[in-house]
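Here's the structure, in structure tokens; my notes come after.
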Amino acid sequence: MKETTTRSLGARGAYALAGLCSAGVLFGVAQLASAFFAASSAPMVALGSAVIDFTPPWLKDLAISLFGTNDKLALFVSMGAVAIVLAALIGMLGRRSTAAASTAVLVLAGILGAAVISRSATGPLDLVPTVLGTVAALFTLRWLCSLAARLDPAHCDDPSDGVARRNFMFGAAGSVVLAAGAVFLSRSLSATRNAADLARKALRLPAARTPAPAVPPGAQLQLAGMPRFITPNQDFYRIDTALTVPGVDPAQWSLRVHGLVEHEFTMSFQELLDQELVEHYLTLTCVSNPVGGDLVGNAKWLGYPLREVLARAKPTAGADMVLSTSIDGFSASTPLEALTDGRMALLAVGMNGEPLPMEHGFPVRMVVPGLYGYVSATKWVVDLEVTRFADKAAYWTTRGWSERGPVKMSSRVDTPQSFATVPAGRVDIGGSAWAQTRGISRVQVSIDGGQWRDAELADAAGLDTWRQWSYRWEQAAPGLHAVAVRAYDLSGKLQTEERADPVPDGSSGWHRVQFTVE
Ligand SMILES: Nc1nc2c(c(=O)[nH]1)N[C@H]1C(S)=C(S)[C@@H](COP(=O)(O)O)O[C@H]1N2
Ligand SMILES: [Mo]
């Protein structure tokens with residue numbers, strides 16, 4: 001009898017261990033898989049940030065006063081302790097019923113999944129690590145429980161079997177190795193990214209030889225609902241094909257310039273910084289931006305003019321395109337002319353006074369006034385090939401988009417927003433318009449299909465940035481109203497009314513917004 005009790009205690013321990021091992025496998029596998037998704041796709045990271053978000057202020061204050069800057073460590077330690085207890089309990093539940101234990105795992109996985117989805121930077125795809133981890137954990141749990149059953153007097157006639165004991169120990173050890181290996185691998189996967197992060201933090205960019213003039217204060221309208229004239233880096237739209245943001249260590253970076261040129265060369269990051277850098281305000285636009293959309297941002301870029309790079313390379317006769325390629329294989333075809341005709345096309349290293357953010361191409365990207373990003377704004381750029389449109393095609397060109405992508409003149413109503421409700425009386429309408437390289441000379445609005453009237457233009461900061469506009473509608477009567485907007489460039493050309501979808505070379509048409517006056 002006494003022996004059976006010890007055995008049964010030992011068996012319970014084995015089930016608890018089975019639960020702990022499966023929890024380890026879940027987090028290890030999910031951690032590894034998360035290297036390919038958003039950082040907060042790792043369930044522990046997501047759960048930690050969700051807990052922080054949902055912690056009531058008084059508890060947060062208490063934690064900070066108790067643990068100081070170690071509050072996050074304290075959080076992870078307590079989360080770890082809870083996880084260990086839960087995992088052991090689930091394992092022990094597996095002694096009664098594997099199905100019940102599996103269900104418990106699924107419920108907890110659901111909570112982890114909800115934590116992942118609750119993060120602002122995650123989408124449904126970021127559930128993949130949690131799902132993979134859960135599947136691996138379920139297999140581990142069922143397998144280890146079946147091995148533990150052979151040690152359990154409740155399930156088995158001969159629980160003293162040495163082979164069964166050894167099998168269970170091997171199984172448990174195997175899953176620990178799997179979990180630890182996955183964590184180790186995920187660390188080395190993020191090591192290059194970390195090196196790049198550290199290098200970025202340590203980097204002090206040189207001052208521009210030719211600084212940009214200050215933005216006239218009148219460029220920013222003081223009107224609620226208007227975007228900032230200079231888009232803060234963290235609010236800047238991000239579009240790329242990179243599943244994970246490439247981590248490029250500037251010490252390892254070089255740019256190869258080759259193809260139809262007299263002088264091929266490569267340039268290191270330090271060589272680039274040693275050149276005479278310039279600053280330039282430029283509004284970047286995505287070809288996928290729908291009419292009225294927000295895939296557009298304005299920044300002060302610091303960089304080296306691409307015309308200087310090309311002057312050094314000396315393109316040969318017949319060349320009409322530069323194919324720029326990023327470290328992760330994206331490419332863009334830019335007309336050679338756009339890089340040499342005097343506009344401020346840059347190999348950019350700085351954005352709004354700091355090194356390029358990782359997501360925006362650190363350490364070096366291209367920006368070219370007047371061209372959509374997909375044919376010009378290569379981030380993490382490492383290769384420039386001078387070639388011909390007849391010989392080479394870029395990433396999006398081979399996927400149905402136009403090989404050339406000049407930005408189409410656009411205007412947008414920013415306030416009131418679509419379907420907003422505003423008080424009766426005076427309604428201040430405001431928006432943005434852009435025609436990079438050509439400038440905006442005039443903006444007009446039409447209310448409820450009425451006569452086109454001139455809007456007031458805010459100050460400009462060069463031809464390559466957007467320009468804000470406003471229109472004061474003095475007597476708005478209650479009801480549903482519509483406002484439409486259209487722009488003219490400096491040559492007097494009117495923005496086209498013709499509606500076009502983004503594919504293949506950018507949307508067009510006049511933006512129209514409906515709103516209700518109370
Ligand atoms: N390496 C790389 N660079 C890229 C892209 C990309 O997918 N990969 N997308 C381009 C597109 S379509 C646009 S609109 C701009 C967007 O730049 P941003 O993310 O800094 O706003 O980057 C361009 N450069
Ligand atoms: Mo784009």
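The values are calculated or read from the model by the stated rules, or taken from the named source; none is laboratory data. All figures in this text were calculated on a predicted structure; none of them were measured in a lab. Cβ atoms come from the backbone with ideal geometry, glycine included; neighbour counts cover every protein chain shown.
Look through region 31-86, keep the residues that are β-branched (Val, Ile, Thr) and modelled with pLDDT of 85 or more, and return whichever of them is nearest to Arg187 (Cα to Cα). I'd like the intermediate steps shown before the answer.
The initial filter retains those residues of region 31-86 that are β-branched (Val, Ile, Thr), namely 45, 51-52, 55, 64, 69, 77, 82, 84-85.
Cutting the leftovers down to modelled with pLDDT of 85 or more gives us 77, 82, 84-85.
Working: Val77: 20, Val82: 24, Ile84: 22, Val85: 26 Å.
My answer is Val77.
Of the residues that make up region 358-365, is at least one assigned by TED's automatic domain parsing to the domain that holds Arg307, within 16 Å of ligand 2 (Cβ to nearest atom) and at positive phi?
We begin by selecting, within region 358-365, every residue assigned by TED's automatic domain parsing to the domain that holds Arg307; these are 358-365.
Then drop every residue that is not within 16 Å of ligand 2 (Cβ to nearest atom), which leaves 359-361, 365.
Then drop every residue that is not at positive phi, which leaves 361.
Yes: one or more hits.
Can you go through Asp428, Asp414 and tell me which one is outside the structural domain of His263 (by TED's automatic domain parsing), among the acidic types (Asp, Glu) and closer than 22 Å to Arg499 by Cβ?
Unique residue meeting the criteria: Asp414.
Please indicate, with yes or no, whether at least one residue in region 496-505 is within 31 Å of the chain's Cα centre (by Cα), touching a residue at least 24 places away in the same chain (Cβ under 8 Å), over 24 Å from Phe229 (Cβ atoms) and surrounded by 16 or more Cβ atoms within 10 Å (Cβ to Cβ).
Yes - at least one qualifying residue is present in region 496-505.
Just for strands (runs of 3 or more DSSP E) wholly inside region 312-426: which have at least 1 residues that are modelled with pLDDT of 95 or more, touching a strand residue (DSSP E or B) at 6+ places or on another chain (Cβ under 9 Å) and more than 14 Å from ligand 1 (Cβ to nearest atom)?
Fully inside region 312-426 and qualifying: 321-326, 331-335, 381-387, 410-415.
Every residue in region 491-506 that is part of a loop (DSSP other than H, G, I, E, B) and closer than 21 Å to Gly430 by Cβ, please.
So in region 491-506, the residues part of a loop (DSSP other than H, G, I, E, B) come out as 491-493, 495-499, 501-506.
Hit for region 491-506 is Gln495, nothing else.
Do we have any residue at all in region 277-291 that's within 18 Å of Asn352 (Cα to Cα), of a type in the set (A, V, I, L, M, F, W, C), touching a Phe, Trp or Tyr at 6+ places or on another chain (Cβ under 9 Å) and not in a strand (DSSP E or B)?
So far as region 277-291 goes, yes, one or more of its residues are within 18 Å of Asn352 (Cα to Cα), of a type in the set (A, V, I, L, M, F, W, C), touching a Phe, Trp or Tyr at 6+ places or on another chain (Cβ under 9 Å) and not in a strand (DSSP E or B).
Yes or no, residue by residue, for (1) touching a residue at least 12 places away in the same chain (Cβ under 8 Å); (2) part of a helix (DSSP H, G or I); (3) over 30 Å from Leu273 (Cα atoms); (4) assigned by TED's automatic domain parsing to the domain that holds Gly350:
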| residue | (1), (2), (3), (4) |
| --- | --- |
| Ala137 | yes, yes, yes, no |
| Thr140 | yes, yes, yes, no |
| Leu144 | yes, yes, yes, no |
| Ala154 | yes, no, yes, no |
| Gly171 | yes, yes, yes, no |
| Ala179 | yes, yes, yes, no |
| Ala182 | yes, yes, yes, no |
| Ser188 | no, yes, no, no |
| Leu198 | no, yes, no, no |
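Report, ordered by the first and then the second residue, all pairs with beta carbons closer than 8 Å, sequence separation of six or more or different chains, a first member in region 263-289 that is assigned by TED's automatic domain parsing to the domain that holds Val382, and a second member that is part of a helix (DSSP H, G or I) and more than 15 Å from ligand 2 (Cβ to nearest atom).
Going by the 8 Å Cβ cut-off, the qualifying pairs are His263/Arg312; His263/Ala313; Glu264/Ala313; Phe265/Arg312; Phe265/Ala313; Met267/Val309; Gln275/Glu308.
Every residue in region 104-126 that is out of contact with any Pro (no Cβ under 7 Å at 6 or more places or on another chain), under 22 Å from Gly19 (Cα atoms) and surrounded by 21 or more Cβ atoms within 10 Å (Cβ to Cβ), please.
Selection gives Val105, Ala109.
Restricting attention to region 287-324, which residues are within 16 Å of ligand 2 (Cβ to nearest atom) and closer than 27 Å to Asp391 by Cβ?
Those that are within 16 Å of ligand 2 (Cβ to nearest atom) and closer than 27 Å to Asp391 by Cβ: Val287, Ser288, Ser324.
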